[in-house]
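In what follows, a single structure is set out as structure tokens and then discussed.
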Amino acid sequence: MVVNNVHGLLVKTAAISYLLLYCLGMQPAIFKDVLLDIVMFPVWWYSRGLLLMLQWCVDTLKGYAKYMAIAVWIKNIFVPMFGQSDWQSRLISVFMRSVQIVGRSLGLVVIAGGVALALLVYIAAPILIALQAAYHVIGSLLYVS
Amino acid sequence: MSLDVTDLILKNPSADRDEGGIPGVLVDGSFWHWQRAVDEVSIGQHQALQSARKFERYAAGAFGLMLFGLFALGVALVHQAEIITLDFWTEPSWTAAALFLSVLAWLFVPYRLVNDKRLQQNLKRVGLETTPELTTIPSLAAVERRHDIAEAADDDAVKAVEEAYRLAVKSTHAEVGALHIFAGTLATTPVQILFARLGIFLDDVRDPLRRRLSTLPQGTAVFGSQAHELMAQAFARALSTRRSTLSALDIFAAAFAAEPFLTDLFASKGITPEELENALAWMRISDDLRERYFAFRKAAAYKPTSNMNRSMTAVATPFLDSVSYDLTRSAVQGQTGLLVGRETEMANILRAIEGGDQSVVLVGQPGVGKEALIDGLADLMVEELVPEVLQDKRLLKLSVPHIVSAEGGTGADERFLFALNQVARSGNVILVIENIHELIGQGSGIDLASILAGELSRGYTFVIATTTPQAYTEIVERSVIAPKLQKILIEEPGRNEAIRVLEAKVGGIEAKHKVIFTYGALAAAVDLSSRYMHDGALPEKAIEVIKEVALVVAKRGQANAWVKKEDVATLISERTRIPVTEVSQGDAEKLLHLEERVHERVIGQEPAVKAVASALRRARTELRSGKRPIANFLFLGPTGVGKTELAKATAEVYFGNEQAMVRFDMSEYQDQNSITRLIGGNGQAGLMTEAVRKNPFCLLLLDELEKAHPDILNLFLQVMDDGRLTDGLGRTVDFTNIILIATSNAGTSFIQDQVSAGTSLIAIKEELLERELRTTYRPEFLNRFDDVIVFAPLTREDVVAIAYLLIVKVVERLKAKGIEFTVTDAAIHELAEQGYDPKFGARPLRRVIQEKVENPLADYLLKGQVGRRDTLIFDQGGEITLQKAVEL
């Protein structure tokens, strides 16, 4: 219990003294800019940052779509594979192409899922972490006092 | 799009600058100008903000680390195994708080990193839909969208601007001008590298700069409209060269262009604006190559390397694969070098292919870059930046020797047809056939070219072929395949383009041999190989030169040695046997005193000696046209007066030995067939052309020119005019580094008569040219000679002097035996008298000396009465007396 208290005290003093030292060494105008930077952190995360994240999602999806080449396969669906143009080969070819298209689309869906998950984490994580941090800090303060 | 950068810079709008206006660049509907204030306070603030921001990142990172440490400490000391229980996480605790706070702190870092980077504008995102335009607007209200150039400047550029301001403040100048800004850029690394590449020491520039700066008007320094305009110009330059940021080099270039004093300063160091532009391009090229490489690797990930295309419509082509080389695959694997320049040629090729689905043939000298162009095409196909007819295809290089020697079928023609059929079936192959002239006339049954022509008419594929100009006119043009091939001429790149190709290639060579090239070395490689090396073409000749010179310099043993212009010149001198290095001190001495040294062997004939010596001096200081021999002389005069002797003496004195003279006696070439002996024919090299080819810097002596067949005289007409001849093997031999001396006995009697009559040599010469020689030589032939020199017959005094020279030779021969030999003056005069005959010049004298001096001497020596250290004295009347040496 004692160690817990001391430990808590350590965390508090470290945080506050660190911030104080940093702020004291700066010019007021720069201090204002730095403060702004810190305050704008969440704002940025959910405006400009979000836009950038969305851009990344779109780019990644586009890249994988190109890699999977679904459009190429769809365009060529009735073109015989390997140049074999007898009716059996053509049948097999159409079948193969359909299977490939389905498979590749599924792959793309999986990638899209991953991308969506990343986006979700981007949006939700800071809020959750901040909430947890607040809970623990405030809770510990209340507890101590 | 590529803008002509020099155009942009030279159109300096300061002439019509409106005093109150704001200079900037209008592009894509936005107006860019330098907004950031440049004064002591602002600079301080800006720098403070920069460091504060940097500190933010580190502080956040360190803070997060510390908090995480505290979390770990808390877990270790207090909670330990509790952390896996849910209770721990739902109960408020400082340890958990530390963990979450540390994550938040760490998230701060990427936020700042990304934000700071985005604060700096990336110019590549500027669309350049419209041409950047340098303008001055009356007030900021006139434009809607504005951007700050300062946001696009990289760290070095900002440093340059700040240094410029500081310099202006320190020198209390009224305005920050081009000179200050130029001086500011000198403090940045990119500009310092540029200077190193150019081979200029910064100090050499700083002193004149300082002196010039001291002439500027005094006042309180202000970053005014002059500076703003310069920034706008630098920005326009960065845009037009597709940079991603405004760099110190752009500012440097803009300042250079704005201040004529700087142009003069650099000119005094041997750097013209054109050379500077090439060197700046070099700085850009390295960055560009790196970027292109990464973009290319990214695109290559999408291109299949097997013989299957992405839509899997192609067919397996095993035989074809065995007789060909897949260029697109090797491009994907990164084995092709990136093509630099040649944009027009590539556009021509693509246009020809796209226009008519037609086959093309690239016609150019070996070494001019045909293979590089095809590699470049393979790269474009990998990136799919090609017309549709080339997309998603493989580029295969057919190997004719493989087809001829492969297994299968009954002959090369069958195998070839088989390969072409595989091309037809596959549907995704484009063929490259190098040296297509080899195909014509090949094949046991039907000619391979006919087969190809037939298949091409069926239209399922087309071919990209290469050949040389000679092969094209001789073989390809007349063959059956000619109508199918559209001719695209690939010529040697121009000087600047060739230098840029070298700039792109030199990085790899520098890394391999651990040397550093100066710009001067690259320019010299292009200039000197182009001027003096006639085998091969640019750019390959120059590339070989820099590869070899890198090796030579690396062998010297010093790490990171600099390769300079002199190293290149030395290499080329050694290869071509033509002295192209700067004239050294020793050389200069030799050249200035040439006449004296020649006169040690040749008596009299002042005008002739002077003419030849002057020609040599002109040659070595490069004050002559490069398209003709160094000099053409015609020596006229009686026999035995020193015409040939002068040629020999020049060869010995200047070239170092008599053998550097190539001598032909025209009396051996009196009939027409003898031409083949001189220049060759029927697949044989000629004597003269071979001699000059092996030794391009020599003296060519043609004796008794009047005896040569008229066809041979025509040959020399071409040599004297054009400086080259084509030999029997079809090679062009370069005669522009020879001295041609022709001797002739024509008009001898006329000369002798006139000299006896007392006419001056000049009058005699005029008379000869106007009348006497007309019967022997055509007027246009005589016209080609730089100088026709009449050798006067020898006077008695001349003969005496010659007698002295000949006797000295005898003395030396006896000295070698340890015997002293003196001839009295009286004896010499007597001998001269006996040997003098105006009709035969000095030749009789030689006979006389032989008879009257050398024969008796020989007898005497054989009698055995003469020993070492004895002295023989030859007196008048042929008296020889022996003086025994004093006993030791």
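The values are calculated or read from the model by the stated rules, or taken from the named source; none is laboratory data. Please read all numbers here as calculations on a predicted model, not as lab measurements. Glycine also receives a Cβ, built like all others from the backbone with ideal geometry; neighbour counts cover every protein chain displayed. Calculation scope for accessible area: heavy atoms of the full protein, side chains included, ligands and nucleic acids excluded. Shrake-Rupley method; radii C 1.70, N 1.55, O 1.52, S 1.80 Å.
So here's what we get for this one:
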quantity: Residue B:291 vs. criteria at pLDDT below 80, open to solvent by 20 Å² or more (accessible area, probe 1.4 Å) and away from every other protein chain (no Cβ under 14 Å); calculated: yes
quantity: Per-region count, the range B:765-817, residues closer than 26 Å to residue B:628 by Cα and of a type in the set (Val, Ile, Thr); calculated: 4
quantity: Given (1) surrounded by 14 or more Cβ atoms within 10 Å (Cβ to Cβ); (2) of a type in the set (Val, Ile, Thr); (3) at pLDDT below 85; (4) under 28 Å from residue B:67 (Cα atoms), number of the condition residue A:144 does not satisfy; calculated: (1)
quantity: Scan of the range B:659-711 for residues that are within 30 Å of the chain's Cα centre (by Cα) and of a type in the set (Gly, Ala, Ser), ordered by number; calculated: B:660, B:685, B:691
quantity: Qualifying residues in the range B:35-51 (those that are buried (at least 16 other Cβ atoms within 10 Å of the Cβ) and in contact with a Phe, Trp or Tyr (Cβ under 8 Å, 6 or more places away or on another chain)) - the one nearest to the other protein chains (Cβ to nearest Cβ); calculated: B:43
quantity: Filtered residues of the range B:168-195 (kept if part of a helix (DSSP H, G or I) and either in contact with a Gly (Cβ under 7 Å, 6 or more places away or on another chain) or open to solvent by 40 Å² or more (accessible area, probe 1.4 Å) (or both)); calculated: B:169, B:170, B:189, B:192, B:193
quantity: Checking residue B:815 against (1) open to solvent by 20 Å² or more (accessible area, probe 1.4 Å); (2) closer than 30 Å to residue B:759 by Cβ; (3) at pLDDT 85 or above; (4) not small (Gly, Ala, Ser), the condition it does not meet; calculated: (2)
quantity: Any chance residue A:49 is in a helix (DSSP H, G or I) and buried (at least 16 other Cβ atoms within 10 Å of the Cβ); calculated: yes
quantity: Within the range B:425-436, considering residues that are surrounded by 16 or more Cβ atoms within 10 Å (Cβ to Cβ) and closer than 15 Å to residue B:359 by Cα, the one farthest from the chain's Cα centre (by Cα); calculated: B:429
quantity: Test: residue B:806 is among the aliphatic types (A, V, I, L, M) and in a helix (DSSP H, G or I); calculated: yes
quantity: Counted residues, the range B:299-319 - those being open to solvent by 60 Å² or more (accessible area, probe 1.4 Å) and at pLDDT 80 or above; calculated: 1
quantity: Hits in the range B:224-267 - residues which are under 19 Å from residue B:154 (Cβ atoms) and not in a helix (DSSP H, G or I); calculated: B:241, B:242, B:243, B:244, B:245, B:246, B:247
quantity: Number of the condition not met by residue B:92 [criteria: (1) free of Cβ contacts under 8 Å to residues at least 40 places away in the same chain; (2) more than 9 Å from chain A (Cβ to nearest Cβ)]; calculated: (2)
quantity: First in the range A:71-96 and more than 10 Å from chain B (Cβ to nearest Cβ) and among the hydroxyl-bearing types (Ser, Thr, Tyr), second anywhere and crowded, with 17+ Cβ neighbours inside 10 Å and outside any helix (DSSP H, G or I), Cβ under 8 Å, 6 or more apart; calculated: A:89/A:80
quantity: Selected residue (only one of B:417, B:395, B:385 is away from every other protein chain (no Cβ under 14 Å), within 38 Å of the chain's Cα centre (by Cα) and touching a residue at least 24 places away in the same chain (Cβ under 8 Å)); calculated: B:395
quantity: Some residue of the range B:143-153 being in contact with an Asp or Glu (Cβ under 8 Å, 6 or more places away or on another chain), under 18 Å from residue B:34 (Cβ atoms), part of a loop (DSSP other than H, G, I, E, B) and touching a residue at least 12 places away in the same chain (Cβ under 8 Å); calculated: no
quantity: Residues of the range B:259-269 satisfying the condition of being in contact (Cβ under 8 Å) with a residue 60 or more places away in the chain and open to solvent by 30 Å² or more (accessible area, probe 1.4 Å); calculated: B:259, B:261, B:269
quantity: Some residue of the range B:242-253 being acidic (Asp, Glu) and either closer than 23 Å to residue B:168 by Cβ or open to solvent by 60 Å² or more (accessible area, probe 1.4 Å) (or both); calculated: yes
quantity: Subset tally (residues that are more than 7 Å from chain B (Cβ to nearest Cβ), without any contact (Cβ under 8 Å) to a residue 12 or more places away in the chain and not basic (Lys, Arg)) for the range A:53-70; calculated: 5
quantity: Residue in the range A:23-43 that is over 30 Å from residue A:101 (Cα atoms), at pLDDT 85 or above and open to solvent by less than 40 Å² (accessible area, probe 1.4 Å) present; calculated: yes
quantity: Residue B:322 vs. criteria open to solvent by less than 30 Å² (accessible area, probe 1.4 Å), more than 14 Å from residue B:337 (Cα to Cα) and in contact (Cβ under 8 Å) with a residue 12 or more places away in the chain; calculated: no
quantity: Yes/no for residue A:138 being without any contact (Cβ under 8 Å) to a residue 60 or more places away in the chain and either of a type in the set (Lys, Arg) or at the interface with chain B (Cβ under 8 Å from one of its Cβ atoms) (or both); calculated: yes
quantity: Pair list, Cβ under 6 Å, 6 or more apart: the range B:518-529 residue under 14 Å from residue B:197 (Cβ atoms), other residue open to solvent by 10 Å² or more (accessible area, probe 1.4 Å) and of a type in the set (Lys, Arg); calculated: B:518/B:197; B:518/B:564; B:519/B:197; B:520/B:565; B:521/B:564; B:521/B:565; B:524/B:565
quantity: Candidates B:762, B:751, filtered to the one that is in a helix (DSSP H, G or I), of a type outside the set (Ser, Thr, Tyr) and either in contact (Cβ under 8 Å) with a residue 40 or more places away in the chain or open to solvent by less than 30 Å² (accessible area, probe 1.4 Å) (or both); calculated: B:751
quantity: Residue match in the range A:114-122 (condition: aromatic (Phe, Trp, Tyr) and in contact (Cβ under 8 Å) with a residue 60 or more places away in the chain); calculated: yes
quantity: Close pairs (7 angstrom Cβ cut-off, 6 or more residues apart or separate chains): at pLDDT below 85 in the range B:845-869, of a type in the set (A, V, I, L, M) and assigned to a loop (DSSP other than H, G, I, E, B) anywhere; calculated: B:860/B:866; B:866/B:819; B:868/B:819; B:869/B:885
quantity: Search result, residues across the range B:425-455 that are modelled with pLDDT of 85 or more and closer than 19 Å to residue B:388 by Cα; calculated: B:429, B:430, B:431, B:432
quantity: Residue ID - modelled with the highest pLDDT, chosen from residues in the range B:68-84 that are more than 11 Å from chain A (Cβ to nearest Cβ) and open to solvent by less than 60 Å² (accessible area, probe 1.4 Å); calculated: B:72
